[in-house]
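All remarks here apply to the structure that follows.
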Amino acid sequence: MRFRYLLLLVIPFVSFGMSISQRFIDHINSFRLLKIEFIQKFYPIGYQTPISSEGSAYIENEPPFRIKIHYKKPNPFIILYNGKNTTLYNLRDNSVYTSKGMSKEIESIGIFNKRLTDIFKPVLSSKDGEYYQILFIPKTKSLSAISYIILKVDNALNPVSAYVYILNKGVLHILITNLANLKSSKNVFRLR
């Protein structure tokens, strides 16, 4: 008998959580060209101070699915994936390195180009004041280094921050300072 009451308490929470997760996924998938400005801190296991960086990322959510990450601090460089090759461009010395395919540096951000639910399983959601938190667990072996992600979104379902727990390495905290859906990709995916 007690289990019936417990089930009545859990069912609304689970359905609430899944609906928030699905609404967030639908919202992000509606973006054609996502621009994110961010500050990130990586807390490696065993270190007292985090490794900090900041920059912007552009993610094209339609073919050819291009991605550009422009780090401004502490070391200015650009990572550009044009749908076929990855190019790393060091802005300090103007050196360029190109490799075929998608590099590990942008592999995780490339999830925006796939159905999020094919890669991550939204496990549960909760409301914390004016924000929702969604717990995602990877479903694919290609992301086995990630234990889980806690994503914080606002009432408009825009991502505010994320904690990425990386197995045996540490925690990456990404604070999103600006988010926009750009109308045109003209000149966005150029190195210079």
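The values are calculated or read from the model by the stated rules, or taken from the named source; none is laboratory data. All of these numbers come straight from a predicted model, not from anything done at the bench. Using ideal geometry, Cβ is built from the backbone for each residue, glycine included, and neighbour counts are taken over all protein chains shown.
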Assuming LEU172 fulfils every condition listed in (1) of a type in the set (A, V, I, L, M); (2) within 12 Å of the chain's Cα centre (by Cα); (3) closer than 19 Å to HIS27 by Cα apart from one, which condition is it? (3)
Taking the stated definitions as given, is SER52 closer than 20 Å to TYR163 by Cα, part of a helix (DSSP H, G or I), of a type in the set (Ser, Thr, Tyr) and modelled with pLDDT of 75 or more? no
Would you be able to tell me the number of residues in region 152-178 that are within 13 Å of ILE39 (Cβ to Cβ) and either out of contact with any Phe, Trp or Tyr (no Cβ under 6 Å at 6 or more places or on another chain) or aromatic (Phe, Trp, Tyr) (or both)? 6
Show the residue pairs that are 6+ apart or on different chains and have beta-carbon atoms under 6 Å apart, the first residue being within region 68-84 and in a strand (DSSP E or B), the second being of a type in the set (Asp, Glu). LYS72/GLU54; LYS73/GLU54; ILE79/GLU105
Do the conditions hold for ILE20, that is, is it at pLDDT 85 or above, within 20 Å of TYR163 (Cβ to Cβ) and in a helix (DSSP H, G or I)? yes
If we take region 117-182, then strands (runs of 3 or more DSSP E) inside it with 1 or more residues that are modelled with pLDDT of 90 or more, surrounded by fewer than 13 Cβ atoms within 10 Å (Cβ to Cβ) and out of contact with any helix residue (DSSP H, G or I) (no Cβ under 9 Å at 6 or more places or on another chain) are 170-181
Whether any residue in region 1-16 is at negative phi, outside any strand (DSSP E or B) and either surrounded by 16 or more Cβ atoms within 10 Å (Cβ to Cβ) or modelled with pLDDT of 90 or more (or both) is what I want to check. no
Residue pairs qualifying under the 7 Å Cβ cut-off, at least six apart or on distinct chains, with the first in region 28-43 being under 14 Å from VAL188 (Cα atoms) and the second being in a loop (DSSP other than H, G, I, E, B) and modelled with pLDDT of 95 or more, are none
